[in-house]
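Data first, discussion second: the structure below is written as structure tokens.
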Amino acid sequence: MAETGQYLTFKLGDEVFALDIAKVREVLEFDKITKVPQTPEMMRGVINLRGSVVPVIDMRLKFGMGRTQKTVNTCIIIVEIHLDNEATMIGALADSVQEVMDLDADQIEPPPKIGTKLNTELIKGMGKKG
């Protein structure tokens, strides 16, 4: 029997992406982000999350889709990642959050192999639903 995972789906433009729900800590409204000088363009700045400084990454810029524009649905998904064996929180700026979706392991195909043109280090796989 295939193992089922839960994923939080979010939109960037017309595309739907998903994060493993186990890594998602919370979803926040897009509020004030404090700019940090001399950081990559995709790093929009930092937010204060209950006394902790959390960097916010513009996921549209990370995926080469242009800068995220603030709308009523724009949100920051707080995700726990591991850097140098240490748990770190980052904010992922997204156009909107969709739903929590169950996907079986057999519904997830490995990322496409398209030579060196596509950077797949951030892509676990391509889910198929409906």
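Nothing in this text is a laboratory measurement; each read-out follows from the coordinates by a stated rule. It should be emphasised that the depicted structure is a prediction, and the values quoted were computed from it without experimental measurement. Heads up, the Cβs are rebuilt from the backbone with ideal geometry, glycines too, and the neighbour counts pull from every protein chain shown.
Computed from backbone phi, the HN-Hα couplings of segment 17-27 come to 10, 9, 10, 4, 4, 5, 8, 7, 9, 5, 10 Hz, rounded to whole numbers (Karplus: 6.51 cos²θ - 1.76 cosθ + 1.60, θ = phi - 60°; Gly and Pro given as x).
Once you have the Kirkwood Rh of the chain from its Cα pairs, apply Stokes-Einstein at 10 °C and 1.306 mPa s and quote D in µm²/s. Roughly 100 µm²/s, to the nearest whole number.
For segment 21-76, applying the loop criterion from DSSP together with a ceiling of 12 other beta carbons within 10 Å to the trypsin sites (Lys or Arg not before Pro) yields 32, 35, 50, 67, 70.
Along the positive direction of the dipole of the chain (beta-carbon charges: Lys, Arg +1; Asp, Glu -1; about the Cα centre), which of 78, 6, 54 reaches farthest? Checking the options against the dipole of the chain, the answer is 54. In plain terms, the residue of 21, 47 with the fewest other Cβ atoms within 10 Å comes first and the most crowded comes last, giving 21, 47. Beyond 21 Å in Cα-Cα separation lie the following of the pairs 11/35; 23/62; 11/124; 23/70; 11/129: 11/35; 23/70. With the contact rule set at Cα under 8 Å and sequence spacing of 6 or more, what percent relative contact order holds for the chain? Reported as a whole number, the value is 28 percent. If you wrap the tightest convex hull around every Cα atom of segment 1-58 and split its volume per residue, you get 125 Å³.
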